[in-house]
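**Q** Would you mind keeping the following structure in view while I ask a few things?
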Amino acid sequence: MNVEVTGIASKVREFFPTVAKAPLSGPDGMKTSYFGLFRMDTGVSVGAGSVSGRYTPHTSEDVVALCTAAENVFGEIGKVDLGFRDGHYVSVTPSKQERLNVFDKGGDSVWPRLIIRAPYGGCFQADMGVYRDACRNLHIMRRVAGTSVRFRHTSSLRDKMDDLIADLGALQGGWAALTARMQQLEAARVNTAAFLDQLYPLAQDANDAVITRHRHRTEAIIRRIARERVAVGREASDLQTATAWELWNGIGGYLQHDKSRRGNPAGFDRAVLTFDDPVMEQAESLLMTMAV
């Protein structure tokens, strides 16, 4: 089986818009040396800014090639989740998955996901991500070696399949590395209030509106951690302390599911926004320093 036979390729081609490069004009139609990238279905510009005349925008076929390379490394793809935000985002679910029960009673199941990011004007990257059943969180850990790789090419990828397979091959030990980190976080206890105060410091001169928003966010995170603690079969004790794993997921769940986002995105699009949210990396780093 391959991405063409299983319909994965067709799903990718149908979902993503065509993006084309067009010249940008100055005042009164003056010609410039700059180009912009535009969605052909809506005419909306994409990417962080202008590009040069030498820039070749990648296409959905390049994403199909990345999925094909992923199958060569990780085995048949069961399904893909797709998102478009100034580029292509793909979450790949292998047909044969390795489950990890983080909590020793077996109620906290997590699964590997290969997350491919192909933004326009930026580097292509693949990460070994984590999907957690209890909260439907899909996240990337930034501080674990061997779980991220950048691709050497960004267009006409079908002709560079051997390079793509070699690049993705660097992630083959990624799930084992993530497993070790998740178990390390689970074993560590952290003071909940101290962690949240450092992650979201409140200025002494904050006005009433800022204080209210700060309190509502803290309450939302605490409620989420409490719900997830019960969902995975943990003892429903007080939350003065929690495992670093619980706190990391509490922050991730808040950012992915609860935080207000412009345009009210849903589903996988909210996960895409969380991938690049700097608070996730800050939380991970802070928990590693506070863990006891």
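The values are calculated or read from the model by the stated rules, or taken from the named source; none is laboratory data. Since this is a predicted model, take the numbers as computed values, not measurements. All Cβ positions, glycine included, derive from the backbone under ideal geometry; neighbour counts span all protein chains shown.
**Q** Out of all the residues in the range 72-104, which are of a type in the set (S, T, N, Q) and part of a loop (DSSP other than H, G, I, E, B)?
**A** 95, 97
**Q** Being free of Cβ contacts under 8 Å to residues at least 60 places away in the same chain and aliphatic (A, V, I, L, M): is that true of residue 145 here?
**A** yes
**Q** Check off (1) hydroxyl-bearing (Ser, Thr, Tyr); (2) outside any strand (DSSP E or B); (3) free of Cβ contacts under 8 Å to residues at least 12 places away in the same chain for residue 42 and give me the number that stays unchecked.
**A** Of everything listed in (1) hydroxyl-bearing (Ser, Thr, Tyr); (2) outside any strand (DSSP E or B); (3) free of Cβ contacts under 8 Å to residues at least 12 places away in the same chain, residue 42 misses just condition (3).
**Q** Condition check: touching a residue at least 60 places away in the same chain (Cβ under 8 Å) and in a loop (DSSP other than H, G, I, E, B). Does residue 184 satisfy that?
**A** Considered against the rule, which asks whether it is touching a residue at least 60 places away in the same chain (Cβ under 8 Å) and in a loop (DSSP other than H, G, I, E, B), residue 184 comes out as no.
**Q** Please work out which one of (1) surrounded by 15 or more Cβ atoms within 10 Å (Cβ to Cβ); (2) farther than 16 Å from residue 24 by Cα is the condition residue 78 fails and give its number.
**A** (1)
**Q** Just to verify a result, which residue in the range 203-220, among those that are of a type outside the set (D, E, K, R) and surrounded by 13 or more Cβ atoms within 10 Å (Cβ to Cβ), is modelled with the lowest pLDDT?
**A** 206
**Q** A further question follows. Write out, first by first residue and then by second, each pair whose Cβ atoms fall under 7 Å of each other, whose residues are 6+ apart or on separate chains, and whose first residue, in the range 60-80, is farther than 14 Å from residue 113 by Cα while the second is buried (at least 20 other Cβ atoms within 10 Å of the Cβ) and not hydrophobic (A, V, I, L, M, F, W, C).
**A** Correct list of pairs: 63/88.
**Q** I'm checking my understanding of the structure. Among residues of the range 104-130 that are aromatic (Phe, Trp, Tyr) and surrounded by 18 or more Cβ atoms within 10 Å (Cβ to Cβ), which one is farthest from the chain's Cα centre (by Cα)?
**A** The qualifying residue farthest from the chain's Cα centre (by Cα) is 120.
**Q** Turning to a different aspect of this structure: Identify the residue in the range 4-25 that is closer than 14 Å to residue 68 by Cβ and not polar (S, T, N, Q) and, among all such residues, is surrounded by the fewest Cβ atoms within 10 Å (Cβ to Cβ).
**A** So, considering only residues that are closer than 14 Å to residue 68 by Cβ and not polar (S, T, N, Q), the one surrounded by the fewest Cβ atoms within 10 Å (Cβ to Cβ) is 5.
**Q** Among the candidates 122, 107, single out the residue that is assigned to a loop (DSSP other than H, G, I, E, B), among the small types (Gly, Ala, Ser) and under 21 Å from residue 270 (Cα atoms).
**A** On inspection, the qualifying residue turns out to be 122.
So that you can scan it fast, the table gives a plain yes or no per residue for (1) crowded, with 22+ Cβ neighbours inside 10 Å; (2) at pLDDT 95 or above; (3) within 12 Å of residue 138 (Cα to Cα); (4) among the β-branched types (Val, Ile, Thr):
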site	(1), (2), (3), (4)
247	yes, yes, no, no
256	yes, yes, yes, no
260	no, no, no, no
263	no, no, no, no
272	yes, yes, yes, yes
279	no, yes, no, yes
282	no, yes, no, no
291	no, no, no, no
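**Q** If you check residue 51 against the conditions, is it of a type in the set (A, V, I, L, M, F, W, C), under 20 Å from residue 121 (Cα atoms), within 22 Å of the chain's Cα centre (by Cα) and surrounded by 16 or more Cβ atoms within 10 Å (Cβ to Cβ)?
**A** Criteria not met by residue 51.
**Q** Check residue 106 against each of (1) over 18 Å from residue 126 (Cα atoms); (2) small (Gly, Ala, Ser); (3) in contact with an Asp or Glu (Cβ under 7 Å, 6 or more places away or on another chain) and name the one condition it does not meet.
**A** The number of the failed condition is (3).
**Q** Select from the range 222-245 the residues that are aliphatic (A, V, I, L, M) and surrounded by 16 or more Cβ atoms within 10 Å (Cβ to Cβ) and list them in ascending order.
**A** 222, 225, 226, 232, 239, 242, 244
**Q** Inspect all residues belonging to the range 39-46 and state whether any of them is modelled with pLDDT of 95 or more, over 21 Å from residue 168 (Cβ atoms), surrounded by 13 or more Cβ atoms within 10 Å (Cβ to Cβ) and touching a helix residue (DSSP H, G or I) at 6+ places or on another chain (Cβ under 8 Å).
**A** For the range 39-46, residues modelled with pLDDT of 95 or more, over 21 Å from residue 168 (Cβ atoms), surrounded by 13 or more Cβ atoms within 10 Å (Cβ to Cβ) and touching a helix residue (DSSP H, G or I) at 6+ places or on another chain (Cβ under 8 Å): absent.
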